[in-house]
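Okay, structure first, notes after.
The values are calculated or read from the model by the stated rules, or taken from the named source; none is laboratory data. Fair warning: this is a prediction, and the values are worked out from it, not measured in the lab. FYI the Cβ positions are ideal-geometry reconstructions off the backbone, even for glycines, and counts take in every protein chain you see. With ligands, DNA and RNA removed, areas are computed over all heavy atoms of the protein, side chains included. Shrake-Rupley method; radii C 1.70, N 1.55, O 1.52, S 1.80 Å.
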Amino acid sequence: MLAGAGTAFPRNFAQVVKTIFKRLFRIYAHMYHAHFPKIQEFGAEQHLNTCFKHFFYFVYEFRLIDPKEMEPLKDLYDKWGT
């Protein structure tokens, strides 16, 4: 059932959102580690990087993922000066 305008979010809303973003990060990490050569072959590297960069900055701004969880792609996002 969808909640209407003015309805309060569930108490566990923040935790659910953090779990979703942590799982999305793991998908990005998998794509970079397991499929990056193929992504480059298709010429889609810039698209992936742009999508991930937007994702990363949103997660970073709202502290949705513990930094320890994001270490697998640390070399990538360290280049951005965060």
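How far, in nm, would the chain grow between residue 45 and residue 74 when pulled straight, counting 0.36 nm per residue and subtracting the alpha carbon separation?
8.7 nm
How large is the dipole of the chain about the Cα centre if only Lys and Arg carry +1 and Asp and Glu carry -1, each at its Cβ, rounded to the nearest 20 debye?
Roughly 300 debye for the chain.
Roughly how many Å² is the accessible area per residue of the chain, as a whole number, for a 1.4 Å probe?
Roughly 80 Å² per residue, with all protein chains present.
Just by accessible area at a 1.4 angstrom probe, what is the order of 9, 62 from largest to smallest?
9, 62
For 70, 31, what's the largest-to-smallest order of accessible area, 1.4 Å probe?
Largest accessible area first, the residues go 31, 70.
Relative to the present Cα-Cα distance, how much length would full extension add between residue 57 and residue 9 at 0.36 nm per residue of separation?
Value of the extension gain: 14.9 nm.
Quick one: order 47, 30 from most to least accessible surface, probe 1.4 Å.
If we order 47, 30 from most to least accessible, we get 47, 30.
With unit charges on the beta carbons (Lys and Arg positive, Asp and Glu negative) and the dipole taken about the Cα centre of the chain, which residue among 4, 16, 36 sits farthest to the positive side?
4
Just how much of residue 60 is accessible, in Å², when a 1.4 Å probe is used and the result is rounded to the nearest 10?
130
Only one of the listed values, (1) 13.4; (2) 14.4; (3) 12.3, was derived from the coordinates as Kirkwood radius over Cα pairs in Å; which label is it?
(2)
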